[in-house]
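The values are calculated or read from the model by the stated rules, or taken from the named source; none is laboratory data. Since this is a predicted model, take the numbers as computed values, not measurements. Don't worry about glycine lacking a Cβ; one is built from the backbone with ideal geometry, like all the others, and counts go over all protein chains shown.
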Amino acid sequence: MSDLPEFYFRVRENGAVVFRVDSENRQRRLELDQIAVVNIRNGQIKPQGERVLSTQETAAIEEWMAARNAELARREIEDIHRAVDHLNHVTQWAQSRASDAELEEVTDTLLLAMHDLRSVLVRKKADRLMQGGEGSGE
């Protein structure tokens, strides 16, 4: 079990529970010792109980937080690209296969959502153009 990481991060909705991995104990059993709870949204690291985190533990947690934030940002963009593909599939479905009843069921909701999205995209693009940077990634 020597290739196990020193820390294990149990991901939760807004961060993680952080454990120190212990496989060098007398019973030779794998043990997870909870050392902290991390909130990705506000960057808060709360040590478990009365524990004081070492510099090494804090550095490992901060490194994980940075990597996790980068991963979540990458996933978010991938989700947007998939949403564009999905919109194209919906368009093809509406044009070629949807029944009148199916269209009646979804048309108003889709139109509202697309109008809302279009309004936000147009406003954000206008803001970028006013700032003089078409490619300034927001």
Criterion: surrounded by 10 or more Cβ atoms within 10 Å (Cβ to Cβ) and farther than 30 Å from V18 by Cα - qualifying residue of E63, E57, E104, E71: E104
Among the candidates R68, R128, R74, residue that is outside the structural domain of F19 (by TED's automatic domain parsing), under 28 Å from G43 (Cβ atoms) and not in a loop (DSSP other than H, G, I, E, B): R128
Test for V38: is it touching a strand residue (DSSP E or B) at 6+ places or on another chain (Cβ under 8 Å) and surrounded by 10 or more Cβ atoms within 10 Å (Cβ to Cβ): yes
Any hit, region 111-119, residues being in a helix (DSSP H, G or I), assigned by TED's automatic domain parsing to the domain that holds D3 and either under 18 Å from the mean Cα position of the chain (by Cα) or over 30 Å from V11 (Cα atoms) (or both): no
Region 43-53: number of residues that are touching a strand residue (DSSP E or B) at 6+ places or on another chain (Cβ under 9 Å) and of a type outside the set (K, R): 6
Filtered residues of region 1-60 (kept if touching a Lys or Arg at 6+ places or on another chain (Cβ under 9 Å) and part of a loop (DSSP other than H, G, I, E, B)): M1, E6, N14, S23, I40
